[in-house]
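As structure tokens, the structure follows; a few thoughts come after it.
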Amino acid sequence: MHHYAKTLAIGTAAAVILCACGKQHKAEETVKDFLDTNLTATDYSVDFTKIDSTRFVADSAVHAMRTSATANAAFKKDIKYGANPPQRIYVFTKAVISIGEDTLLHTFYLTPELTQVVSFKNG
């Protein structure tokens, strides 16, 4: 019976790790799609931090980030967001975007399902 419990524990740990990796990949793909649509440059590379979540982003903060983004020269003027606030929770990741010699750091906020970018900010 001890062998069964050990096997179950290892299997559960592996499933959790694989699930977390899947969510990370999905979030990165969503942000990459957003960048492909909204970034003015077409030749760029991007690296991500691990995803995390927060409940502490107010609707007013999302609107302020969206307003601020319109002045960001790296992005097109008519940024296409996939979802609107409020969201019950936001998943976020920081992205280091390299365009030629320039390096940009932005934090992207996504829907809980990781399917759409809701807003982003510098830093």
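Taken together, the values in this text are just the output of simple stated rules run on the coordinates, not laboratory data. Given the structure is predicted, the values throughout are model-derived calculations rather than measurements. Note that we place each Cβ from the backbone using ideal geometry, even for glycine, and neighbour counts take in every protein chain shown.
Results for (1) in contact with a Gly (Cβ under 9 Å, 6 or more places away or on another chain); (2) part of a loop (DSSP other than H, G, I, E, B); (3) among the small types (G, A, S), shown as yes or no for each residue.
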residue: K32; (1), (2), (3): no, no, no
residue: M65; (1), (2), (3): no, no, no
residue: Q87; (1), (2), (3): no, yes, no
residue: K94; (1), (2), (3): yes, no, no
residue: L105; (1), (2), (3): yes, no, no
residue: S119; (1), (2), (3): no, no, yes
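When you scan the stretch 67-83, how many residues do you find that are surrounded by fewer than 16 Cβ atoms within 10 Å (Cβ to Cβ) and either touching a Gly at 6+ places or on another chain (Cβ under 6 Å) or among the β-branched types (V, I, T) (or both)?
Selection size over the stretch 67-83: 2.
Out of all the residues in the stretch 34-57, which are in contact (Cβ under 8 Å) with a residue 24 or more places away in the chain, more than 15 Å from L114 (Cβ to Cβ) and part of a loop (DSSP other than H, G, I, E, B)?
Listed by number, the residues that qualify are T40, A41, D43, Y44, R55, V57.
Tally time: how many residues in the stretch 84-110 are surrounded by fewer than 17 Cβ atoms within 10 Å (Cβ to Cβ), touching a strand residue (DSSP E or B) at 6+ places or on another chain (Cβ under 9 Å) and closer than 20 Å to S60 by Cβ?
Count: 3.
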